[in-house]
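Read the structure below first, then the notes.
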Amino acid sequence: MATIKATMPGVFYRRPSPDADPYVEEGGSFTPGQTIALIEVMKTFNELKAEDAGRITRFLIDDGDEVSMGQDIAEVDG
(Lines give C-alpha, C1' and ligand atoms only; values in the text may rest on other atoms or scores of the structure.)
Protein backbone atom coordinates (compact mmCIF):
# COMPACT_ATOMS: atom_id res chain seq x y z
CA MET A 1 0.00 0.00 0.00
CA ALA A 2 1.29 3.47 -0.87
CA THR A 3 1.41 6.23 1.72
CA ILE A 4 1.55 10.00 1.95
CA LYS A 5 4.45 11.14 4.13
CA ALA A 6 5.03 14.27 6.18
CA THR A 7 7.31 16.68 4.33
CA MET A 8 8.53 18.32 7.56
CA PRO A 9 8.22 17.94 11.32
CA GLY A 10 5.36 19.78 13.02
CA VAL A 11 1.71 19.49 14.02
CA PHE A 12 -0.65 17.79 11.57
CA TYR A 13 -4.10 19.17 10.70
CA ARG A 14 -6.66 17.68 8.28
CA ARG A 15 -8.69 20.90 8.00
CA PRO A 16 -7.92 24.61 7.49
CA SER A 17 -9.68 25.61 10.75
CA PRO A 18 -11.36 23.75 13.62
CA ASP A 19 -14.89 24.35 12.28
CA ALA A 20 -14.08 23.62 8.59
CA ASP A 21 -14.51 20.36 6.70
CA PRO A 22 -11.37 18.24 6.16
CA TYR A 23 -9.45 18.82 2.96
CA VAL A 24 -10.00 15.14 2.07
CA GLU A 25 -12.14 12.60 3.93
CA GLU A 26 -11.14 8.96 4.35
CA GLY A 27 -12.39 7.28 1.19
CA GLY A 28 -12.19 10.57 -0.69
CA SER A 29 -10.28 11.16 -3.91
CA PHE A 30 -7.64 13.79 -4.56
CA THR A 31 -5.87 15.20 -7.62
CA PRO A 32 -2.28 16.27 -8.22
CA GLY A 33 -1.53 19.56 -6.46
CA GLN A 34 -4.58 19.32 -4.18
CA THR A 35 -4.04 20.20 -0.53
CA ILE A 36 -4.36 17.08 1.63
CA ALA A 37 -3.52 18.60 5.03
CA LEU A 38 -1.54 21.26 6.86
CA ILE A 39 1.62 20.94 8.92
CA GLU A 40 2.19 23.74 11.42
CA VAL A 41 5.79 24.66 12.13
CA MET A 42 6.54 27.59 14.46
CA LYS A 43 3.06 29.16 13.93
CA THR A 44 3.41 28.86 10.13
CA PHE A 45 0.93 26.60 8.33
CA ASN A 46 2.41 24.69 5.39
CA GLU A 47 0.16 22.94 2.88
CA LEU A 48 0.83 19.27 2.22
CA LYS A 49 -0.08 18.82 -1.45
CA ALA A 50 -0.69 15.60 -3.37
CA GLU A 51 1.93 14.68 -5.94
CA ASP A 52 -0.34 12.24 -7.79
CA ALA A 53 -4.05 11.42 -8.03
CA GLY A 54 -5.49 8.81 -5.69
CA ARG A 55 -7.86 8.02 -2.85
CA ILE A 56 -7.27 8.17 0.91
CA THR A 57 -8.01 4.73 2.32
CA ARG A 58 -7.04 5.54 5.91
CA PHE A 59 -5.43 8.35 7.90
CA LEU A 60 -2.75 6.98 10.21
CA ILE A 61 -2.69 9.96 12.60
CA ASP A 62 -5.24 12.36 14.10
CA ASP A 63 -5.69 16.12 13.95
CA GLY A 64 -3.28 17.84 16.29
CA ASP A 65 -0.77 14.98 16.38
CA GLU A 66 2.91 15.81 16.06
CA VAL A 67 4.63 14.33 13.02
CA SER A 68 8.23 13.74 12.05
CA MET A 69 9.67 14.36 8.60
CA GLY A 70 9.02 11.27 6.47
CA GLN A 71 6.39 9.85 8.83
CA ASP A 72 3.47 8.07 7.14
CA ILE A 73 0.32 10.19 7.40
CA ALA A 74 -2.18 8.30 5.26
CA GLU A 75 -2.56 5.12 3.22
CA VAL A 76 -3.65 5.71 -0.38
CA ASP A 77 -4.83 3.83 -3.47
CA GLY A 78 -3.88 5.14 -6.84
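The values are calculated or read from the model by the stated rules, or taken from the named source; none is laboratory data. Since the model is a prediction, treat every value here as computed from it, not as a measurement. For neighbour counting, all protein chains shown are included, and Cβ atoms are generated from backbone atoms with ideal geometry for every residue, glycine included.
GLU40: surrounded by fewer than 14 Cβ atoms within 10 Å (Cβ to Cβ) and either assigned to a loop (DSSP other than H, G, I, E, B) or out of contact with any Lys or Arg (no Cβ under 8 Å at 6 or more places or on another chain) (or both), yes or no?
So GLU40 does not fit the description; no.
Scan the range 40-55 and report the pairs whose first residue is more than 14 Å from GLY28 (Cα to Cα) and whose second residue is in a strand (DSSP E or B) and not β-branched (Val, Ile, Thr), with Cβ atoms within less than 7 Å and a gap of 6+ or a chain change.
The qualifying pairs are GLU40/GLY10; GLU40/TYR13; VAL41/GLY10; PHE45/LEU38; ASN46/LEU38; GLU47/LEU38; LEU48/ALA37; LEU48/LEU38.
When ARG55 is evaluated against the numbered criteria (1) within 11 Å of the chain's Cα centre (by Cα); (2) part of a strand (DSSP E or B), which criterion, by number, is the only one it fails?
That leaves (1) as the condition not met.
Being acidic (Asp, Glu) and within 13 Å of ALA2 (Cα to Cα) is the filter; apply it to the range 49-65 and report the residue that is surrounded by the fewest Cβ atoms within 10 Å (Cβ to Cβ).
We begin by selecting, within the range 49-65, every residue acidic (Asp, Glu); these are 51-52, 62-63, 65.
Keeping just the survivors that are within 13 Å of ALA2 (Cα to Cα) gives 51-52.
Values: GLU51: 9, ASP52: 12.
Filtering the range 49-65 for residues that are acidic (Asp, Glu) and within 13 Å of ALA2 (Cα to Cα), the one surrounded by the fewest Cβ atoms within 10 Å (Cβ to Cβ) comes out as GLU51.
Identify all residues within the range 1-22 that are hydrophobic (A, V, I, L, M, F, W, C), farther than 13 Å from GLU75 by Cα and part of a loop (DSSP other than H, G, I, E, B); write none if there are none. Break it down stepwise before answering.
Within the range 1-22, the first condition is being hydrophobic (A, V, I, L, M, F, W, C), and the residues that meet it are 1-2, 4, 6, 8, 11-12, 20.
Filter once more, keeping what is farther than 13 Å from GLU75 by Cα: 8, 11-12, 20.
Scanning the range 1-22 gives MET8, ALA20.
Looking at (1) under 11 Å from ILE4 (Cβ atoms); (2) touching a Pro at 6+ places or on another chain (Cβ under 6 Å); (3) of a type in the set (Gly, Ala, Ser), which is the only condition SER68 fails?
(1) is the only condition that SER68 fails.
Consider the range 58-78. How many of its residues are of a type in the set (D, E, K, R), assigned to a strand (DSSP E or B) and modelled with pLDDT of 95 or more? Break it down stepwise before answering.
The first filter runs over the range 58-78 and keeps only residues of a type in the set (D, E, K, R), leaving 58, 62-63, 65-66, 72, 75, 77.
Subset that is assigned to a strand (DSSP E or B): 58, 66, 72, 75, 77.
Remaining after also requiring modelled with pLDDT of 95 or more: 58, 66, 72, 75.
Matching residues across the range 58-78 total 4.
What do you reckon, is GLU25 part of a strand (DSSP E or B) and either at pLDDT 95 or above or touching a helix residue (DSSP H, G or I) at 6+ places or on another chain (Cβ under 6 Å) (or both)?
For GLU25, the condition - part of a strand (DSSP E or B) and either at pLDDT 95 or above or touching a helix residue (DSSP H, G or I) at 6+ places or on another chain (Cβ under 6 Å) (or both) - is not met.
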